[in-house]
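The values are calculated or read from the model by the stated rules, or taken from the named source; none is laboratory data. It should be emphasised that the depicted structure is a prediction, and the values quoted were computed from it without experimental measurement. Heads up, the Cβs are rebuilt from the backbone with ideal geometry, glycines too, and the neighbour counts pull from every protein chain shown.
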Amino acid sequence: MSAARIVRARPEHFGAIREVERAAEDAFPIAELPLALRGALLTSDEQLADALRADLLWCALDAGGRVLGFAIALWLGRDLHLDEIDVRPEHQRLGIGRALIDAVRAHADAHGAERITLTTFRAPPWNQPWYERLGFVVFAEHEIPAPLREIYEDEIAHGLARERRVAMALDLATAQPR
């Protein structure tokens, strides 16, 4: 497990969150995230500020306070949507992503969410397969709930390949407790 501690983000973390997001973006193969889209899909200052105000932005910090990863969520009705989660590539596979998911899940549980939803790439292995190991299940495309479908379709409209994307959910009523 990671030595990172998960905290609520603060405005002074925004610059580091951007660095983590850019570094994580660079780790994706070109087939998944074409060069033309790199940088275009970064989280805006407004999105970070909105998530901060809504208490839906978490950071993973090392002992020195350096941001190693982050998670941002938003409410879609009674579902908490994991909008993005990134970990610095040199700190991946250390449990930081799982710890961030656990923080999001604790928040979802505490606020009566029915599910945690997300959209992601089918590949590489730190995407769909990793989420499946955490208990997330893929929606058949015709089963994607309307608010999530709007996000999914917006990603496609911005140039992400439909055949490479997937929408998933963790049903909190049936998922194993963490």
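Worth a mention:
- One residue stands out among those in the stretch 10-31 that are outside any helix (DSSP H, G or I) and out of contact with any helix residue (DSSP H, G or I) (no Cβ under 6 Å at 6 or more places or on another chain): the one that is modelled with the highest pLDDT, which is R10.
- Single unsatisfied condition, D109 versus (1) of a type outside the set (S, T, N, Q); (2) surrounded by fewer than 16 Cβ atoms within 10 Å (Cβ to Cβ); (3) free of Cβ contacts under 8 Å to residues at least 24 places away in the same chain: (3)
- Here R133, R162, R122 are screened, and the one residue that is without any contact (Cβ under 8 Å) to a residue 12 or more places away in the chain and in contact with a helix residue (DSSP H, G or I) (Cβ under 6 Å, 6 or more places away or on another chain) is R162.
Table: residues versus (1) at pLDDT 95 or above; (2) within 13 Å of the chain's Cα centre (by Cα).
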{"position": "A110", "(1), (2)": "yes, no"}
{"position": "R133", "(1), (2)": "no, no"}
{"position": "F136", "(1), (2)": "yes, yes"}
{"position": "L148", "(1), (2)": "yes, no"}
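- Within the stretch 120-178, tally of residues that are of a type in the set (G, A, S), surrounded by fewer than 18 Cβ atoms within 10 Å (Cβ to Cβ) and on the phi < 0 side of the Ramachandran plot: 7
- Any hit, the stretch 99-108, residues being of a type in the set (V, I, T) and over 13 Å from the mean Cα position of the chain (by Cα): no
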